[in-house]
Amino acid sequence: MTEKSELSPASSTRRTRGAARLSSMNLHDFGLLGALLLLVCVYAIIAPNFLTEFNLLNVLRQVSIVAIAAVGMTTVILIAGIDLSVGSTVAFSGTLAALFLTERTEIGVIAVLIAVTIAVLAGAGVGLLNGLIIGLLGVPAFIATLATLTGVRGFALLLTEAKPVSVPVGDYSWLGTGHIGPLPVPVLIMALVFFIGYVLLSRMKIGRRIYAVGGNESAARLSGVRVTRLILFVYIFAGACTGLAGCLASARLSSGQPAGFIGFELDVIAAVVVGGTSLMGGRGRLSGTFFGALLIGVLGNGLTLMDVQTYWKQILTGIVIVVAIVVDGIIRRRGSQAS
């Protein structure tokens, strides 16, 4: 029995498509890194305080909360979904953790771990609700998460009578403001979440199924992927990431803010989209998400140091998002032509 020395046409085509996608994604990452380095150089000249150790660590601390939520959002957008309830979920989960801690006479390590668990489970619960509405009831993700955005926010305001919930400074605040060695705690937690996301998407079968559903849901369903279960898993995972982000945010502020984080979901979605994850689903990487979050964080931080009005940050972020979507369209068209 002889072995074939040449690849079949179908196999060759698949490899060509895969190489084209990989090349496009690598170019996107390099482009993001180049834009980030250019921005850093400009700010280093214009804003002398930008390159100080204190400011750079502060940028990483600020970016970490957005980036943790963006890990979950990446998986959602990879299946061609969306989650508009992120800001409300951050406020809700952080407020629940703060409410638990206000009942404690002492805030020790055990109490902090319970508070973190409450926040993560609260976020996962919102994600489960989103997944059920989208996966089982067939409601479009935009409408479903728009509804939970309003409902979850309302529930957080109802629990607290629309008042912030203060947490005594202590072990809980350390989660948001403390350091381990030279690095802020939120940055280390962000690294852990990105590692979990990387393993999930790159080293597990469910990761391949996420890309498959985003690329072609009908084909994935015909090949045996249980799409509804996958949707549930993705939204629960995204909710858990958002709950953790909410916990870190309330720890940093030493309070739960039921009326806070309005528009936070836009920063998270922007980080994912600028990072190269396609809104059409099926294409994207966590490395791009990290660079996207870092780019937006650096952009905002530099403008703040230059005393530029917040409105300009919003305008420039909007421009960056439009550019990212245009680039994504160009990459998709070139990928289609290459195939």
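Here's the yes/no breakdown for (1) out of contact with any strand residue (DSSP E or B) (no Cβ under 7 Å at 6 or more places or on another chain); (2) under 20 Å from T75 (Cβ atoms); (3) without any contact (Cβ under 8 Å) to a residue 60 or more places away in the chain:
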{"residue": "K163", "(1), (2), (3)": "yes, no, no"}
{"residue": "H179", "(1), (2), (3)": "yes, no, yes"}
{"residue": "L200", "(1), (2), (3)": "yes, yes, no"}
{"residue": "A240", "(1), (2), (3)": "yes, yes, no"}
With the requirement that a residue be in contact (Cβ under 8 Å) with a residue 60 or more places away in the chain and either among the aliphatic types (A, V, I, L, M) or over 14 Å from M306 (Cβ atoms) (or both), what does region 41-61 give you?
V42, I46, A47, L57, N58, V59, L60, R61
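Conditions (1) open to solvent by less than 30 Å² (accessible area, probe 1.4 Å); (2) more than 29 Å from L200 (Cβ to Cβ); (3) at pLDDT 90 or above, marked per residue:
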{"site": "G282", "(1), (2), (3)": "yes, no, yes"}
{"site": "S287", "(1), (2), (3)": "no, no, yes"}
{"site": "F291", "(1), (2), (3)": "no, no, yes"}
{"site": "L294", "(1), (2), (3)": "yes, no, yes"}
{"site": "D307", "(1), (2), (3)": "no, yes, no"}
{"site": "T310", "(1), (2), (3)": "no, yes, no"}
{"site": "I315", "(1), (2), (3)": "no, yes, no"}
{"site": "V326", "(1), (2), (3)": "no, yes, no"}
Okay, helices (runs of 4 or more DSSP H) sitting entirely in region 131-244 with 3 or more residues that are among the polar types (S, T, N, Q) and open to solvent by less than 40 Å² (accessible area, probe 1.4 Å), I get 141-160
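Rundown of residues vs (1) of a type in the set (S, T, Y); (2) open to solvent by less than 10 Å² (accessible area, probe 1.4 Å); (3) in contact with a His (Cβ under 7 Å, 6 or more places away or on another chain); (4) at pLDDT 90 or above, yes/no style:
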| position | (1), (2), (3), (4) |
| --- | --- |
| I45 | no, no, no, yes |
| P48 | no, no, no, no |
| F54 | no, no, no, yes |
| V59 | no, yes, no, yes |
| Q62 | no, no, no, yes |
| V66 | no, no, no, yes |
| G72 | no, yes, no, yes |
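The values are calculated or read from the model by the stated rules, or taken from the named source; none is laboratory data. Keep in mind that this is a model prediction, so the values were computed, not measured. Ideal geometry is used to build each Cβ from the backbone, glycine not excepted, and the neighbour counts take in all protein chains shown. Quick note on the areas: whole protein, heavy atoms, side chains included, nothing else; ligands and nucleic acids left out. Shrake-Rupley method; radii C 1.70, N 1.55, O 1.52, S 1.80 Å.
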